[in-house]
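Okay, so here's the structure we're looking at.
The values are calculated or read from the model by the stated rules, or taken from the named source; none is laboratory data. Model, not experiment: these values are computed from the prediction. Here the Cβ positions follow ideal geometry from the backbone for every residue, glycine too, while neighbour counts run over all protein chains shown.
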Amino acid sequence: MMKFLTIEPVRVLLYLVGIIAFTAANAAYLVLAERKGAGRIQRRPGPNEAGWAGILQPVADGIKLLAKQVMVPPGTDSLLFRAAPLMVMAPPLLCLAVIPFGDTIVACNLNIGLLFVFSFGSINVMALMLGGWASRNKFAIISSARVVSQNVAYEIPMLLVVITMLMVTGTMNLGEIVRQQAGGFWHWNLLKVWVNPFMPVTFIIFFICMLAETNRAPFDMAEAESELVAGAFTEYGGMGFGVFFMAEYANIVVGCSLATILFLGGWQSPIGVLSGGWFGAAWFLVKLYALIFTVIWIRWTFPRTQFYSLLNLSWKILIPVSLVTLLLTGVMMKIL
Amino acid sequence: MSLFSSISEVFKGFKSLLVGMRITAGQAVKPTITVQYPHQTLKMPDRFRGHLELTIDPATGQTKCTACGLCVRACPSDCIDLDGLKKEGEKRKSVSKYEQNFTQCSLCGCCVDACPSDAIQYSKDYNVVSFNRDDFGKMDLFRKAEIKKQDWLKAHPQPPAPVVPPPPTTPAAPAPAPEQKQP
Ligand code: SF4
Ligand code: SF4
């Protein structure tokens, strides 16, 4: 039986189904988690009518969205308009293929995993831009312009941080990066201050950029409801809107997984016990969801920033600081 | 701005973010304060003003209203319509029809103040809905009082001998109604 599971086509099929199921379940239930979290922070119980404690709420929402008519408004570029939801959902699914959930639990152990994630991650921006542009709606177009300028601004510090990490780890293989962080939390890249005293700062920069890249509050200028209706998704109804919404959460999962792998030691146990195999996957998920809940917590704590302060933060603070850490890492690696 | 002041500003800003997150985390662990409305309801405060209702004398189970008409005259919006009749063997008149036009009532309280026998008060009923305009235009308070009389009879299986109605007293503040239980 186990032999059968390891035949290549069967393995690929299993991972395919697993990743799609993981993404869909996360997208559906993170919406509920988000609403519950928002409720707790505002001292409400959150949705609690559908099923026990609201556990069926995503199902109810899904049925509602599926039952709605998918409209293509007149005057839109109907091909791009239909393609945008597909393009926004595909990259996170692809990225999850190279993310190692455990020592051996990875769909595709790619040597250039890190590069792969970043190259496909940027398709997401293009999809949002196309969706907004194809909608032929002024709010959607403003939102597209914002998405592009925001992502250009935040891609730079993010990649600078990633280059720093590359210099430290010396490999783009995500599994290898995690393996280097074995042996307790003081070996995690987050706390490798002997390599670079600014390592925690790098993590914070990465996290902030991840928030901005996934268009999460307080950087959700792309769908600033109060000024842009629903941003790039203004003209989408029914499941078209639902897919954009789910893709946002899928992207958060990918971003947080990457942060876990790069900085928090992926599947490594923090104190050396209960490591390996399925325990590793459990550790990975614990770290992943801790980060995701921080993302939700941040959303319900801070108000949306203004657009110019968003760009100021990137160009005046994050980029200089990440350049300094890059240089410092280079210098320290040369000296030590 | 010098380099150092801008650096210290970044640190201050970052610290303020952490303070904000600590505050929301602190709120998140406190108990929720939501009233799950259709399942739970709040007790209305004593001064809540709903539509009028005729009070029932807890001793006799009868309405206290003597159909004197003072409330009709006191009402600035002219929205009370009542009628009374004299029952066999009773000294006073008793009310036989009491309609309030709740669409025009300004809840000013003149009628409650004017009543010499404490016969009307504000109900604590805020769930008033209907498909029929007349349910508000001619809100039949007498019928509602009759229903309450039936309840009173059920609660007191042997009605006590009719007692002499107490002399009219000076109007007092309306007695607090019992907590409203909604389905
Ligand atoms: S509250 Fe005022 S307006 Fe309403 S019935 Fe009484 S006197 Fe008239
Ligand atoms: S003033 Fe009081 S007793 Fe007189 S008619 Fe009005 S409710 Fe009845």
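Among the residues that make up region A:17-30, is at least one of them farther than 30 Å from A:Ile123 by Cβ, surrounded by 12 or more Cβ atoms within 10 Å (Cβ to Cβ) and in contact with a helix residue (DSSP H, G or I) (Cβ under 9 Å, 6 or more places away or on another chain)?
Applying the first criterion (farther than 30 Å from A:Ile123 by Cβ) to region A:17-30 yields none.
No.
How many of the residues making up region B:91-112 are more than 28 Å from B:Arg133 (Cβ to Cβ) and surrounded by 13 or more Cβ atoms within 10 Å (Cβ to Cβ)?
Total meeting the criteria: 3.
Pairs please, first residue from region B:108-129 and in a helix (DSSP H, G or I), second anywhere and away from ligand 1 (no atom under 12 Å from the Cβ), Cβ atoms under 7 Å, 6+ apart in sequence or on different chains.
Here the result reads B:Asp113/B:Pro171, each pair linking region B:108-129 to a residue that is away from ligand 1 (no atom under 12 Å from the Cβ).
Could you give every pair whose Cβ atoms fall below 6 Å, whose first residue belongs to region B:60-76 and is under 22 Å from B:Lys149 (Cβ atoms) and hydrophobic (A, V, I, L, M, F, W, C), and whose second residue is modelled with pLDDT under 90 and away from ligand 1 (no atom under 14 Å from the Cβ), counting only separations of at least 6 or pairs across chains?
Correct list of pairs: B:Cys65/B:Val95; B:Ala67/B:Gly84; B:Ala67/B:Lys93; B:Ala67/B:Val95.
Would you pick out the residues in region A:184-198 that are among the β-branched types (Val, Ile, Thr) and either farther than 20 Å from A:Gln268 by Cα or without any contact (Cβ under 8 Å) to a residue 60 or more places away in the chain (or both)? Before you say what the answer is, go through the steps one by one.
First, pick out the residues of region A:184-198 that are among the β-branched types (Val, Ile, Thr): A:193, A:195.
The one that is among the β-branched types (Val, Ile, Thr) and either farther than 20 Å from A:Gln268 by Cα or without any contact (Cβ under 8 Å) to a residue 60 or more places away in the chain (or both): A:Val193.
Between a residue in region A:304-328 that is within 13 Å of chain B (Cβ to nearest Cβ) and any residue that is in a loop (DSSP other than H, G, I, E, B), which pairs come within a Cβ distance under 7 Å, given they are 6 or more apart or on different chains?
Note: pairs meeting the criteria are A:Thr305/A:Pro218; A:Thr305/A:Phe219.
Could you identify the single residue in B:Val95, B:Val112, B:Val72, B:Val129 that is more than 14 Å from ligand 2 (Cβ to nearest atom) and aliphatic (A, V, I, L, M)?
Details: B:Val95 fails: more than 14 Å from ligand 2 (Cβ to nearest atom); B:Val112 fails: more than 14 Å from ligand 2 (Cβ to nearest atom); B:Val72 fails: more than 14 Å from ligand 2 (Cβ to nearest atom).
Among B:Val95, B:Val112, B:Val72, B:Val129, only B:Val129 is more than 14 Å from ligand 2 (Cβ to nearest atom) and aliphatic (A, V, I, L, M).
Picking from A:Gly266, A:Gly242, A:Gly276, A:Gly237, which residue would you name as being buried (at least 24 other Cβ atoms within 10 Å of the Cβ) and either at pLDDT below 80 or among the small types (Gly, Ala, Ser) (or both)? Step through it out loud before you land on a result.
On the way: A:Gly242 fails: buried (at least 24 other Cβ atoms within 10 Å of the Cβ); A:Gly276 fails: buried (at least 24 other Cβ atoms within 10 Å of the Cβ); A:Gly237 fails: buried (at least 24 other Cβ atoms within 10 Å of the Cβ).
Every option except A:Gly266 fails the conditions.
Could you please let me know if A:Leu285 is of a type in the set (A, V, I, L, M) and either in contact (Cβ under 8 Å) with a residue 60 or more places away in the chain or over 19 Å from A:Val193 (Cβ atoms) (or both)?
Values: of a type in the set (A, V, I, L, M): yes; either in contact (Cβ under 8 Å) with a residue 60 or more places away in the chain or over 19 Å from A:Val193 (Cβ atoms) (or both): yes.
Answer is yes for this residue.
Can you find even one residue in region B:55-69 that is more than 14 Å from chain A (Cβ to nearest Cβ), acidic (Asp, Glu) and not in a loop (DSSP other than H, G, I, E, B)?
Restricting attention to region B:55-69, the residues satisfying the condition of being more than 14 Å from chain A (Cβ to nearest Cβ) are B:55-69.
Subset that is acidic (Asp, Glu): B:57.
Filter again for not in a loop (DSSP other than H, G, I, E, B), leaving none.
Checked against the condition, which is being more than 14 Å from chain A (Cβ to nearest Cβ), acidic (Asp, Glu) and not in a loop (DSSP other than H, G, I, E, B), region B:55-69 yields no hits at all.
So, of the residues in region B:11-54 that are assigned to a loop (DSSP other than H, G, I, E, B) and within 9 Å of chain A (Cβ to nearest Cβ), which turns out to be nearest to B:Val129 (Cα to Cα)?
Within region B:11-54, the first condition is being assigned to a loop (DSSP other than H, G, I, E, B), and the residues that meet it are B:29-51.
Subsequent filtering for residues that are within 9 Å of chain A (Cβ to nearest Cβ) retains B:29-34, B:36.
Values: B:Val29: 38, B:Lys30: 36, B:Pro31: 33, B:Thr32: 29, B:Ile33: 27, B:Thr34: 24, B:Gln36: 20 Å.
My answer is B:Gln36.
Condition first: surrounded by 12 or more Cβ atoms within 10 Å (Cβ to Cβ) and hydrophobic (A, V, I, L, M, F, W, C). Now tell me which residues in region B:24-53 satisfy that. Working first, answer last.
So in region B:24-53, the residues surrounded by 12 or more Cβ atoms within 10 Å (Cβ to Cβ) come out as B:24-25, B:27-28, B:32, B:34, B:41, B:43-44, B:46, B:48-53.
The answer is B:Ala25, B:Ala28, B:Met44, B:Phe48, B:Leu52.
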